[in-house]
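Enquirer: First, the structure itself, so that you have it in front of you.
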Amino acid sequence: MNKDALAKSRVFEKANATKIERAIPNSLKREETRIASKIRNSNKSPIEKLVFLYQFMDSIYSCMAKYIPCHAGCDHCCHYNVTISQIEIAYIEQQSKIAHAPFLRIKSNHHDGSPCPFLKNSQCEIYKCRPFVCRRFASLAATSDWCRIEICNQGNHVLFRFSKIDEAYECIVGQLSLATLVDIREAFPFGMLPVNYRC
Ligand code: SF4
């Protein structure tokens, strides 16, 4: 890792975080402070709550789009661990009609560069119902090079966090014993996926 390049990137990331902070409308910021309690107090089903959270995340992350290097065709983070909960598995099943496999290992470590089984030709085949963790990550660097698996854990990058979005997610997966976490590769192993599907 080039320390000078990392230091330079951190300066860029901090400045970028400020730009993003300004780009998000106050109405959305206010909504974010309420999202966890809204979900906690809602009578919706867990999947409906998850969809509600995803829709809110879409609106807030769309304000960040022009400042971040995350774009269709970039798949670095699809080679990281992709930890999902039972409710996200249920949502993927509902939307893609693919049944999950029995879990073999809980919280296994896939930070070895192996791709997510839903990654095809650098595109996410389940983009509309992709898990929370895939929606939450956003690099603030000028380039996605820093997301490469070989260097992503080296150095301390600036990240944007929405604490109430995280709390809302915890609130959904904490309900009805839905919190069992597993890597997406365990729930939907490569060999089990049909040839044609999309959600
Ligand atoms: S679900 Fe989609 S976005 Fe998430 S890691 Fe897999 S291919 Fe990438």
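Enquirer: Among Ile24, Ile151, Ile89, which one shows the biggest mean-square fluctuation in a GNM of the chain, springs joining Cα atoms closer than 10 Å?
Expert: Ile151
Enquirer: Pick out, in residue order, every one of the trypsin sites (Lys or Arg not before Pro) in region 77-152 that is DSSP loop and has at most 15 other C-beta atoms within 10 Å; say none if there are none.
Expert: Answer by residue number: Lys97, Arg105, Lys107, Arg148.
Enquirer: Further question on the same structure: Could you tell me which GluC sites (Glu not before Pro) in region 113-198 are loop residues by DSSP with no more than 11 other beta carbons within 10 angstrom of their beta carbon?
Expert: Glu150
Enquirer: Say we join alpha carbon atoms closer than 10 Å with springs in a Gaussian network model of the chain; which of Ala17, Ala72, Ala99 then has the biggest fluctuation?
Expert: Ala72
Enquirer: Just add up the charged neighbours of Ser9: K/R +1, D/E -1, any other residue whose Cβ is under 11 Å from the Cβ of Ser9.
Expert: Counting the neighbours of Ser9, the net charge comes to +1.
Enquirer: What list of ³J(HN,Hα) couplings, whole Hz, do you get for region 14-19 from phi and the Karplus terms 6.51, -1.76, 1.60, once you set θ to phi - 60° and write x for glycine and proline?
Expert: Using θ = phi - 60°, the values come out as 5, 5, 5, 4, 5, 4 Hz.
Enquirer: Over the Cα atoms, compute the radius of gyration (one decimal) and Dmax (the largest Cα-Cα distance, rounded to a whole number) for the chain, in Å.
Expert: In order Rg, Dmax, the Cα atoms of the chain give 17.3, 51 Å.
Every read-out reported here was derived from the displayed coordinates using simple, explicitly stated rules and does not represent laboratory data. Remember, it's a predicted structure, so these values are computed and weren't measured experimentally. Neighbour counts are summed over all protein chains in view; Cβ atoms, including those assigned to glycine, are modelled from backbone coordinates with ideal geometry.
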